[in-house]
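The values are calculated or read from the model by the stated rules, or taken from the named source; none is laboratory data. Because the structure is predicted, anything quoted here is derived from the model rather than measured. When we count neighbours, we look across all protein chains shown, and the Cβ atoms used for this are built from the backbone with ideal geometry, even at glycine. Side chains included, ligands, DNA and RNA excluded: accessible areas come from the protein's heavy atoms. Shrake-Rupley method; radii C 1.70, N 1.55, O 1.52, S 1.80 Å.
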Amino acid sequence: MASPTGRAGGKGGGRRSPSLAQLRAFTAVAEHLHFRDAAAAIGMSQPALSGAVSALEEILGVTLLERTTRKVLLSPAGERLAVRARAVLAEVGALMEEAEAVRAPFTGALRLGVIPTVAPYLLPTVLRLVHDRYPDLDLQVHEEQTASLLEGLTAGRLDLLLLAVPLGVPGVLELPLFDEDFVLVTPLGHGLGGREGISREALRELRLLLLDEGHCLRDQALDICREAGRADAPVTTTAAGLSTLVQLVAGGLGVTLLPRTAVKVETTRSDQLLTGYFADPAPTRRIALAMRSGAARSTEYQELAEALRGALRPLPVRVLDAKA
């Protein structure tokens, strides 16, 4: 237990150091504030976890947790030291990752986060490339919205992201892959259906259907409307995904904007749709890989980005060079 002076037993260099297992146990409890849930999260028995946290408190000479019969709380010292413990574990993880990368590039796990408006259209190309060129790479895909992906990247839960940029997030490096145009998807019989050279100003008067809040594609569509001179874009109908959005258009509820990579997949599901193309310069979005600045496997990620640029050339996009 902690001494009255708040110092661990022993003097000077004789003081023991915490083990990684003890730090993992403490950070798990700090996250879950529940011993059973924390033990399950890290695959440790509850008595072993409790003993590891108690041992850590003894080594550090401070009380980390306030235990009651009903709940577990972090002490003020626990709040401060949990931050340090997470940082230590993150650095150890980075050390192991770098050692693995040095031993054998493009092996082991790569946790890739992808936004929903990219995943169905680019993943076939990504998966084929990884299968053919990097057969020993264990690619693990997580489809989430941008905010969740960025949280996962900065927290170390994810290694690499595939999403729309710019992000403007400190500590995150973007590796641009391509630009792609937006097209206008309308129901049959719509005046702009199937036309080319559509002016952006046409968006001022259209009933535009959008994705739900949280999708970056929704924000991009609203930005395009504002650039076209539309002061607002009142939304009465939204959808959680592009497939539903396109079906709403087919049902005559309005029109929508689709990135070119999504057109072939989404518009062939109904014969009640037409596609219109904007005059140059058409509204666009940029897709990139994103990684933590200084990531241990940054050389691999940059090589993967270059390989992806080559693999994506058959798609209706404008592939960018590494300096874009």
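Given Ala296, Ala307, Ala290, Ala282, which one is open to solvent by less than 50 Å² (accessible area, probe 1.4 Å) and under 20 Å from Asp132 (Cβ atoms)? Let's see the steps before the verdict.
Working: Ala296 fails: under 20 Å from Asp132 (Cβ atoms); Ala290 fails: under 20 Å from Asp132 (Cβ atoms); Ala282 fails: under 20 Å from Asp132 (Cβ atoms).
Going through Ala296, Ala307, Ala290, Ala282 in turn, just one is open to solvent by less than 50 Å² (accessible area, probe 1.4 Å) and under 20 Å from Asp132 (Cβ atoms): Ala307.
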* Filter segment 138-178 for residues that are open to solvent by 50 Å² or more (accessible area, probe 1.4 Å) and of a type in the set (A, V, I, L, M, F, W, C) and give the result. => Val141, Ala147, Ala155, Leu173
* To do: Sort through Glu151, Glu174, Glu180 and tell me the only one that's under 30 Å from Arg269 (Cβ atoms) and either assigned to a helix (DSSP H, G or I) or of a type in the set (D, E, K, R) (or both).
  => Glu180
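So, Gly108, is that one open to solvent by less than 30 Å² (accessible area, probe 1.4 Å), over 24 Å from Ala240 (Cβ atoms) and among the small types (Gly, Ala, Ser) or not? Full working, then the answer.
Details: open to solvent by less than 30 Å² (accessible area, probe 1.4 Å): yes; over 24 Å from Ala240 (Cβ atoms): yes; among the small types (Gly, Ala, Ser): yes.
Judged against the criteria, Gly108 is a match.
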* Structure fact -> When every residue in segment 63-80 that is at pLDDT 90 or above and outside any strand (DSSP E or B) is compared, the one surrounded by the most Cβ atoms within 10 Å (Cβ to Cβ) is Leu64
* Asked: Which members of segment 203-222 meet the condition of being farther than 14 Å from Gln145 by Cα and not in a helix (DSSP H, G or I)?
  -> Glu205, Leu206, Arg207, Leu208, Leu209, Leu210
* Asked: Can you name the number of the only condition in (1) touching a residue at least 60 places away in the same chain (Cβ under 8 Å); (2) surrounded by 15 or more Cβ atoms within 10 Å (Cβ to Cβ); (3) part of a helix (DSSP H, G or I) that Leu56 fails?
  -> (1)
* Residue check: is Ile59 in contact with a Pro (Cβ under 7 Å, 6 or more places away or on another chain) and not polar (S, T, N, Q)? -> yes
* Asked: Going through segment 96-141 one residue at a time, which ones are within 27 Å of Leu20 (Cα to Cα), free of Cβ contacts under 8 Å to residues at least 60 places away in the same chain and assigned to a helix (DSSP H, G or I)?
  -> Met96, Ala99, Glu100, Val102, Arg103
* To do: For segment 63-73, state whether one or more residues are at negative phi, more than 29 Å from the chain's Cα centre (by Cα) and touching a residue at least 60 places away in the same chain (Cβ under 8 Å).
  => yes
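In segment 258-274, which residues are of a type in the set (A, V, I, L, M, F, W, C), open to solvent by 50 Å² or more (accessible area, probe 1.4 Å) and not in a helix (DSSP H, G or I)? I'd like the intermediate steps shown before the answer.
Residues of segment 258-274 that are of a type in the set (A, V, I, L, M, F, W, C), as a first pass: 258, 262-263, 265, 273-274.
When the remaining residues are screened for being open to solvent by 50 Å² or more (accessible area, probe 1.4 Å), the result is 265, 274.
The one that is of a type in the set (A, V, I, L, M, F, W, C), open to solvent by 50 Å² or more (accessible area, probe 1.4 Å) and not in a helix (DSSP H, G or I): Leu274.
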* Between a first residue in segment 27-47 that is more than 21 Å from Ala87 (Cα to Cα) and open to solvent by less than 60 Å² (accessible area, probe 1.4 Å) and a second residue that is hydrophobic (A, V, I, L, M, F, W, C) and at pLDDT below 90, which pairs have beta carbons less than 8 Å apart while being 6 or more apart in sequence or on different chains? -> Phe35/Val72
